[in-house]
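Below is one structure, written out as structure tokens, with a few remarks after it.
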Amino acid sequence: MRGIMADATGSAPRLEEVRNRIAAAAKAAGRQPEDVRLVAVSKTFEAPDIIPVIEAGQRCFGENRVQEAMRKWPELKARYGGLELHLIGPLQTNKAADAVAFFDAIQSVDRPKLAEILAREMTKQNRRRSLYIQVNTGDESQKAGVSIADCDRFIRSCLETLKLPVVGLMCIPPVGADPSPHFRLLADIAKRHGLRRLSMGMSSDYEPAIACGATDVRVGSAIFGSR
Ligand SMILES: *Cc1c(COP(=O)(O)O)cnc(C)c1O
């Protein structure tokens, strides 16, 4: 299993390298390194792999499944202060209540039904979570995210009708495509809605994402190793 196979001693230096590369990419783009948040994607990894990364100072983590996160993180949250968890994977409506209870941010809001349920749950639980709307910038049929054609209307309804605390947008460009046009498209959509945060860029493309304005990069394998 992961905890035994993975090289736990390697993740701290890899984290350091990712941090340095984020800072360099930010400076190259004329931006401040602090303006780019690293979301360390710990999906499929267990506590023995995650702890060295926390102990190296990382506090913001991304998980793609509600149940996996709820199994792994309570103990870590009890042991370490200041942790912030982002849900970055698709969210089913029947897990929305758990997601609102457990995550500090939900980056995968992508359809009206889910938006309505999140609005209701946040009211019911008296919790406001930072939300990102996921846009399917490649209009890929198998991929989560609101389509390009529907995104303006959906974003407006989240902000104006549901009054959701939407802070930004998220995208995952198609595999094998040049990601930069997708990043620029996401930045344009965010700009016309006055949204400040852009969650874009993963292990293979966080540097071009930062050049295009990413405020949140979601990096997994470059820190934790291959899954
Ligand atoms: C797994 C995942 C990542 C991290 O991917 P890496 O290539 O390992 O950096 C980022 N975003 C989402 C939505 C993911 O599911």
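With a cut-off of 8 Å between alpha carbons and a minimum separation of six or more residues, what is the relative contact order of the chain in percent?
21 percent
Roughly how many nanometres apart are two label points built 7 Å out from the Cα toward the Cβ at residue 32 and residue 71?
4.1 nm
Starting from the amide H of residue 37, placed 1.01 Å from N in the peptide plane, find each other amide H under 5 Å away whose residue is 5 or more places distant or on another chain.
The answer is 216, 217.
Would you grab the residues whose amide H sits under 5 Å from the one on residue 146? Only those 5+ places off in sequence or on another chain, please, with H modelled 1.01 Å from N.
Here 134, 135, 136 satisfy the definition.
Would you mind checking which residues have amide H under 5 Å from residue 62's amide H? H placed 1.01 Å from N; only 5 or more apart, or other chain.
40, 41, 42, 86
Toward the positive end of the charge dipole of region 70-227, about the Cα centre and with charges on Cβ (Lys, Arg +1; Asp, Glu -1), which of 158, 211, 101 goes farthest?
Checking the options against the dipole of region 70-227, the answer is 101.
Averaging sequence separations of C-alpha pairs under 8 Å and six or more residues apart, then dividing by the length of region 64-170, give the relative contact order as a whole percent.
23 percent
With springs only between Cα atoms under 10 Å, which of 30, 176, 194 fluctuates most in a Gaussian network model of the chain?
176
Please sort 204-214, 73-83, 181-191, 89-99 by packing, taking for each peptide the average over its residues of neighbouring beta carbons within 10 angstrom, highest first.
204-214, 181-191, 89-99, 73-83
Which of the aspartates and glutamates could a cross-linker bridge to residue 77, judged by Cα under 20 Å and excluding same-chain residues fewer than eight apart?
46, 49, 55, 63, 68, 98, 104
Rank by packing, highest mean first: peptides 35-43, 19-27, 121-129, with packing defined as the count of other Cβ atoms within 10 Å averaged across residues.
Per-residue Cβ counts within 10 Å, averaged per peptide and sorted highest first, yield 35-43, 19-27, 121-129.
Given an 8 Å cut-off on Cα distances and at least 6 residues of separation, report the relative contact order of region 147-227 as a percent.
Answer for region 147-227 is 24 percent.
Under the classification rounded if a/c is under 1.5, otherwise prolate if a/b is larger than b/c and oblate if not, where does the chain fall, given a ≥ b ≥ c as square roots of the Cα gyration tensor eigenvalues?
oblate
Could you work out which residue, out of 142, 58, 107, moves most in a Gaussian network model of the chain, that is, has the largest mean-square fluctuation with Cα springs under 10 Å?
Its mean-square fluctuation being the largest, the pick is 142.
Take the alpha carbon gyration tensor of region 1-109, find the square roots of its eigenvalues, order them as a ≥ b ≥ c, and report rounded if a/c is under 1.5; if not, report prolate when a/b exceeds b/c, else oblate.
oblate
Determine ³J(HN,Hα), in whole Hz, for all residues of region 121-126 in sequence, where each value follows from phi through the Karplus function 6.51 cos²θ - 1.76 cosθ + 1.60 and θ = phi - 60°; x replaces Gly and Pro.
So the J values, rounded to whole Hz, are 5, 5, 5, 4, 8, 6.
Over 20 Å between Cα atoms: which of 43/163; 113/163; 143/191; 43/143 fall into that group?
The answer is 43/163; 143/191.
Can you pull the percent of the chain's accessible area that's carbon plus sulfur, 1.4 Å probe, other chains left in place?
In the chain, the share of accessible area belonging to carbon and sulfur is 50 percent.
The values are calculated or read from the model by the stated rules, or taken from the named source; none is laboratory data. What you see is a predicted model; the values in this text were computed from it and never measured. Here Cβ is always computed from backbone atoms with ideal geometry, including for glycine, and neighbour counts include all displayed protein chains. All accessible areas refer to the heavy atoms of the entire protein, side chains included, with ligands and DNA or RNA removed. Shrake-Rupley method; radii C 1.70, N 1.55, O 1.52, S 1.80 Å.
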